[in-house]
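A short worksheet on the structure shown next.
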2 protein chains.
Amino acid sequence: MKTVGVVGLGLIGGSMALDLRRRGFASRVLGVEADSVAAEAALTIGLVDKVVSLQECVAEADIIVVAVPVGTAVKMVPEILDQLGDDKIVIDVCSTKEEICRAVKYHPRRKQFVSTHPMAGTEYSGPWAAQPGLFDGRACIFANAEESAPKAVKVIEQMYDVLNMRPIYMNAEQHDLHTAYVSHISHVTSFALALTVLDKEKDEKHIFDLASGGFSSTVRLAKSNPDMWVPILSQNRDNVLRVMDTYIEKMKEFRSAIDAYDEEKLRELILEANRIKKIIR
Amino acid sequence: MKTVGVVGLGLIGGSMALDLRRRGFASRVLGVEADSVAAEAALTIGLVDKVVSLQECVAEADIIVVAVPVGTAVKMVPEILDQLGDDKIVIDVCSTKEEICRAVKYHPRRKQFVSTHPMAGTEYSGPWAAQPGLFDGRACIFANAEESAPKAVKVIEQMYDVLNMRPIYMNAEQHDLHTAYVSHISHVTSFALALTVLDKEKDEKHIFDLASGGFSSTVRLAKSNPDMWVPILSQNRDNVLRVMDTYIEKMKEFRSAIDAYDEEKLRELILEANRIKKIIR
């Protein structure tokens, strides 16, 4: 059994801590958390056994999970590698992979780092958002796994197996392209939708009385935390911009069909969009 | 107890039929359905007691619920009113209200018509999508209720009370403006998102392997039926175009903040969008 250290006790770090101990992968979970309110909450909820300093965590844990926003992780992972003992492993769980993989590419301890992205989450954040079973049945990306030591990858595969995740292997570039399409753009469209309706609410106080389940589902991601999303959108800038451009094009196609009362075209666009039924539950 | 006739045995009509009988408001439910496969399914599932012709339905039912796409309803409601006996009531349940209210405004039997919009649904359609409890706890709009006979409105209020809906009263113009913001735009953004990702899937076969819960939730409405949505977007054209323009503006604000690596501005936009937390569960 391992001592696992989790740096950043938010939704993802907290949920991992919870299930890794409950399910017997970790004998002990140490937490590192810069925000003292969050640190105390994590202890009260029982996400971790102990809150420690980063130094202590690096010294004591066998596996260190870096679960902080990607802008911070890019600086923190090399620093942890600098002080890392042999046989220890560091992983990150960030939503963009190119920049973090680039930051450690030539680090002498690169092989002890495994870059992963467990594709799970909710629109909420903080230790109070942590939940058991969050990862069950979801995909976990291993980015540039060939740059890590095979035995380190194996340990982390076992760890995600305990979380009931299915591993997918790809390089960091592919990862960032794909997630721009199936995750990052969804957040941007939700943010824009929230802004659109909130703007109108200034004149029309009761506009949300009519909000139905469909609206809530489309706008849900607009609750997401800027601490997490600003660095993601920034680090994945080029891919995200490209997807946004396609998206804005599609919106304009709809706009001109509606504008021209072109019901034929509108029907065609909707039928084409309906193909998503075969892919997404 | 009443005989209720439901014209159009889809998601909405079928779900109403189900609960109105189960909960004892209707002693008998007659169904009218042009599609013979859907008609047979509705009988097999037990949504209605009998499938009849429109004439028979108008002759026998006390309350006639018109639950067909709004393009059809605009023609059908005046025709039903033409043949309607005294003391009978016709309602529609369409998602746009201006055009249908305009179509009957000067009809000699206008007072026997009540225009409503039960704000509930799913992305699925047809009698097989009908479900008990669909309307529970949702809002139901009564549009231009002052143009209907008070006693007709009262009966329909009782009917929606049985469906556990809370009534909201507004004029048809307000309704169409508000729903453009909290329903119609959500559908357009989902359709555009589906098209964007499906386009990319042509080159990147495995792009959907990474789709997480957030993506599914944002794209869910893209499964919606064109038979329903083409006429809605067409009838509510002016409002929808206006909302789309604001929305495209917001997307462009995001785009330029990302483009310029303006993390301050990005953070500000996301924090503003986060206000939706206080409004939507």
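Values in this text are rule-based calculations from the coordinates and carry no lab data. Since we're looking at a predicted model, the values are computed, not measured. Neighbour counts are summed over all protein chains in view; Cβ atoms, including those assigned to glycine, are modelled from backbone coordinates with ideal geometry.
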- Message: What distance in nm lies between label points placed 7 Å from Cα along the C-beta direction at A:D136 and A:R267?
- Response: 4.5
- Note on the structure: Note, segment B:137-142: 3J(HN,Hα) by Karplus (6.51, -1.76, 1.60, θ = phi - 60°), whole Hz, Gly/Pro = x, goes x, 8, 8, 10, 8, 9
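Based solely on its DSSP helices, what 222 nm [θ] is calculated for chain A when runs of n ≥ 4 H residues each add -39,500 (n - 2.57) and the sum is averaged over all residues, nearest 500 deg cm²/dmol?
About -15000 deg cm²/dmol.
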- Built amide H within the under 5 Å cut-off of A:Y169, gap 5+: A:F142
- Query: In degrees from 0 to 90, rounded to the nearest 10, what is the angle of the helix A:70-82 Cα long axis to the longest principal axis of chain A?
  - Reply: 20
- Note on the structure: For segment A:86-174, using Cα atoms only, the Rg and Dmax in Å read 13.3, 37
- Task: Identify all aspartates and glutamates with a Cα-Cα distance to A:K154 below 17 Å; exclude those on the same chain that are fewer than 8 residues away in sequence.
- Result: A:D62, A:D86, A:D87, A:D92, A:E146
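Just to be sure I understand: if I project the alpha-carbon convex hull of segment B:2-170 onto a plane and average over all orientations, what area do I get in nm²?
Over all viewing directions, segment B:2-170 projects a mean Cα-hull area of 8.3 nm².
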- Cα-based Debye curve of segment A:1-100 sampled at q = 0.10 Å⁻¹ gives log₁₀ I(q)/I(0) of -0.23
- If each residue's Cβ is checked for other Cβ atoms within 10 Å, how do B:H206, B:H107, B:H175 rank with the fewest at the top? B:H206, B:H107, B:H175
- Query: Can you pull the Rg over Rh of the protein assembly as shown, Cα-only, Kirkwood?
  - Reply: 1.06
- Message: Shape verdict for segment B:124-201, please, from the Cα gyration tensor: rounded (a/c under 1.5), prolate (a/b greater than b/c) or oblate.
- Response: oblate
- In Hz, Karplus ³J(HN,Hα) per residue of segment B:271-281 (6.51, -1.76, 1.60; θ = phi - 60°; x = Gly, Pro): 4, 5, 4, 4, 4, 4, 4, 6, 10, 10, 5
- Task: Looking at segment A:1-86, send over the antiparallel percent of its DSSP beta bridges, to the nearest 5.
- Result: 0
- Task: Starting from the Cα of B:Y124, move 7 Å in the Cα-to-Cβ direction to define the label point; list residues of segment A:256-281 whose amide nitrogen is under 14 Å from there.
- Result: A:277-278, A:281
- Task: For segment A:253-261, take each phi angle, set θ = phi - 60°, evaluate the Karplus expression 6.51 cos²θ - 1.76 cosθ + 1.60, and give the result in whole Hz per residue in order, putting x for glycine and proline.
- Result: 4, 4, 4, 6, 5, 5, 4, 8, 6
- Task: Please go through the residue pairs A:K265/B:K200; B:K250/B:K277; A:K50/B:K277 and name each one whose alpha carbons sit more than 25 Å apart in this structure.
- Result: A:K50/B:K277
- Task: Give the cross-link partners of B:K75 among the lysines, using a straight C-alpha distance below 22 Å as the criterion and excluding same-chain residues fewer than 8 apart.
- Result: B:K88, B:K97, B:K105, B:K111
- Between B:M119 and residues 5 or more places away or on another chain, which pairs have amide H atoms under 5 Å apart, with H built 1.01 Å from N, and which residues are they? B:A139, B:C140, B:I141
- Chain lengthening between A:S256 and A:D86 when straightened (0.36 nm per residue, less Cα-Cα): 55.0 nm
- Quick one: which residues, 5+ away or cross-chain, put their amide H under 5 Å from the amide H of A:K97? H built at 1.01 Å from N. A:D176
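What shape does segment B:45-110 have by the C-alpha gyration tensor, where a ≥ b ≥ c are the square roots of the eigenvalues, rounded means a/c under 1.5, and otherwise prolate means a/b greater than b/c and oblate the rest?
Verdict is oblate for segment B:45-110.
Given C-alpha coordinates of segment A:134-281, what is the ratio Rg to Rh with the Kirkwood estimate of Rh?
Rg divided by Rh gives 1.05.
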- Message: Need one number: nm distance between label points at B:K105 and A:Q55, each 7 Å from Cα along Cα→Cβ, rounded to one decimal.
- Response: 7.9
- Using a Förster distance of 51 Å, the FRET efficiency for B:S27-A:D227 (Cβ separation, nearest 0.05): 0.30
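Considering only the protein assembly as shown, what is the antiparallel percent among its DSSP beta bridges, to the nearest 5?
That works out to approximately 15 percent antiparallel.
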- Between the helical axis of B:11-22 and the dominant principal axis of chain B, each derived from Cα atoms, what acute angle in degrees is found, rounded to the nearest 10? 50
- Message: Compute the orientation-averaged projected area for segment B:206-281 from the convex hull of its Cα atoms and round it to one decimal in nm².
- Response: 7.6
- Task: Return the distance in nm (one decimal) between the two label points of a simple spin-label model at A:N164 and A:K75, each offset 7 Å from Cα along Cα→Cβ.
- Result: 3.8
